[in-house]
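The numbers here are math on the coordinates, done by the rules we state, and not lab data. It should be emphasised that the depicted structure is a prediction, and the values quoted were computed from it without experimental measurement. Positions of Cβ are backbone-derived with ideal geometry, glycine not excepted, and every protein chain shown enters the neighbour counts.
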Amino acid sequence: MTLTEMSSRERVLTTARRKTPDRVPRDIPLEKFMLNRMVAHYGTQDLLTAMRSDIAIVDLNSSRLKQDYSAYFSRPGVTWDEWGRGRIWDQNDQYAEYLFPLEHAESMDEFVNYPWPDLDADYRYAGIAERIAIRHQQGYAVSCILTETIFETAWQLRGMTQLFEDIHQNDEKAEYLLNRITTYRETAARAFALAGADIIFLGDDVAMQTGSMISPRMYRQWFKPYLTRVIQAAKQANPNVLIQYHSDGMINKLVPDLLEAGIDILNPVQPECVDHVWIKETYGHQLAFCGGIGVQSVLPFGSPQEVREHVREVLQTLGSNGGLIIAPSHVIERDVSLENIEAMLIAIEAFGRYD
């Protein structure tokens, strides 16, 4: 017997709470080049409808500050974001070399007087509740993105080597940097939760293909408390808000700490390095999952038939009895063919129903 058809929002919320919806919800993130390609392919800007995605993104408003970070960089061709994190992009604007504005800072004054972003300004959050309400009226679940939550922002400001050196030396600059970033994230998480977000999407890449890049001991001492603060800020503002956490790589050893910090959904359960059967059996009673489709392997390099079989396997393992928002394990890049994208969508449609 087929379950009653749900709205996208009902489907996502049911899944995130590890119950069985009518069908497996989907989220199909696209890199900018591929987004434009899919708009041309479908002949519409409304890719949520065209690709039957269940989650809409609502982001904070752009900064009005025009801060000049050029004094922190000596090389030509550097661009920066509102944090001042430097980038030198390749000719296709796809890959970048990272440059770190606080890498050579030696005094606390240089950290305190750094031109920080205005992520705590009220205007950054104006109108978000209204935009979320519109998406809810359209039937979508709403996710607000705060990835690169703490660790990635910290090392992209300080440099990874220098950040770990600060931590090893128990330098007050590391504590100041992590606390300053976390305070901004608490503000944003609280604002998103109060505005009615269904999901707040946090995350830091803290793992490699072969295991965590941070020992569990270091993670518990230096990063878990700050992540917990952000999650608590959101949950205290709205106990019903769901926390999705992203880390590529083999995240296995840190999952218990992420659960203790308060996450509800783990993303992207990268199939090249996370055993789907194991993680579903071990944590499926505590966590929902988002992701599962390999963007390093099958999606770009497999045949349409291999994509179809891969999607079916992901649905049968991670999606057993609910608890899966199926998605590629990262944004779909330009190395993925239209044929394989269509094969993925057709397979989700064919094998993703609960009867």
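Determine, for each peptide in 9-19, 172-182, 193-203, the mean count of other beta carbons within 10 angstrom over its residues, then list the peptides with the highest first.
Details: 9-19: 20.4, 172-182: 18.2, 193-203: 23.6.
Listed from highest to lowest mean packing, they are 193-203, 9-19, 172-182.
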Expected sort for 242-248, 121-127, 336-342 on mean C-beta neighbours within 10 Å, highest first, is 242-248, 336-342, 121-127
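If R₀ is 56 angstrom, what is the calculated FRET efficiency for the pair Arg75 and Glu260, using the beta carbon separation as r and rounding to 0.05?
0.85
Tell me the net charge near Lys253. Cut-off is 12 Å between Cβ atoms, Lys253 excluded, with +1 for each Lys or Arg and -1 for each Asp or Glu.
Numbers: positive: Arg217, Arg220; negative: Asp257.
For residues surrounding Lys253, the net value is +1.
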Karplus couplings for the stretch 16-30 from phi (6.51 cos²θ - 1.76 cosθ + 1.60, θ = phi - 60°), rounded to Hz, Gly and Pro as x?
5, 9, 6, 9, 9, x, 6, 8, 6, x, 9, 9, 10, x, 10
Helical contribution to [θ] at 222 nm, DSSP H n ≥ 4, -39,500 (n - 2.57), averaged over the chain, rounded to 500
-11500 deg cm²/dmol
Can you run phi through the Karplus equation (6.51, -1.76, 1.60; θ = phi - 60°) for the stretch 277-287 and list ³J(HN,Hα) in whole Hz, with x for Gly and Pro?
5, 5, 6, 5, 5, 7, 10, x, 7, 10, 10
Treating only the Cα positions of the stretch 203-355 as identical point scatterers, give the base-10 log of I(q)/I(0) from the Debye formula at each q in 0.16 Å⁻¹.
-0.88
Which aspartates and glutamates does Lys173 reach when only Cα atoms under 17 Å apart count, and residues fewer than 8 places away in its own chain are ignored?
Glu103, Glu106, Asp109, Glu110, Glu152, Glu165
Please give every one of the lysines within straight-line cross-link reach of Lys32, meaning a C-alpha to C-alpha distance under 28 Å, and leave out same-chain neighbours fewer than 8 residues apart.
Lys66
Can you work out ³J(HN,Hα) from phi for every residue in the stretch 81-98, in order, using Karplus 6.51 cos²θ - 1.76 cosθ + 1.60 and θ = phi - 60°, giving whole Hz and x for Gly and Pro?
9, 5, 7, x, 6, x, 9, 10, 8, 6, 5, 9, 6, 10, 10, 9, 8, 8
Setting aside same-chain residues fewer than 8 positions from Lys280, which lysines have a Cα under 28 Å from its Cα?
Lys19, Lys224, Lys235, Lys253
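Note down, for the chain, the three equivalent ellipsoid semi-axes (square root of 5 times each alpha carbon gyration tensor eigenvalue), biggest first, whole angstrom. Let's see the in-between values first.
Numbers: eigenvalues 225, 99, 93 Å².
So the equivalent ellipsoid measures 34, 22, 22 Å along its semi-axes.
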Which of rounded, prolate, oblate describes the stretch 163-290, given a ≥ b ≥ c as roots of the alpha-carbon gyration tensor eigenvalues and a/c under 1.5 marking rounded, otherwise prolate only if a/b is larger than b/c?
oblate
Check Gly292: other-chain or 5+ apart residues with amide H under 5 Å from its amide H, H built from backbone geometry?
Ala327, Ser329
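Within 10 Å, count the other beta carbons around each residue, average over each peptide in 268-280, 75-87, and list them highest first. Provide the component values of the computation, followed by the final result.
Working: 268-280: 19.1, 75-87: 15.8.
Those peptides, ordered most packed to least, come out 268-280, 75-87.
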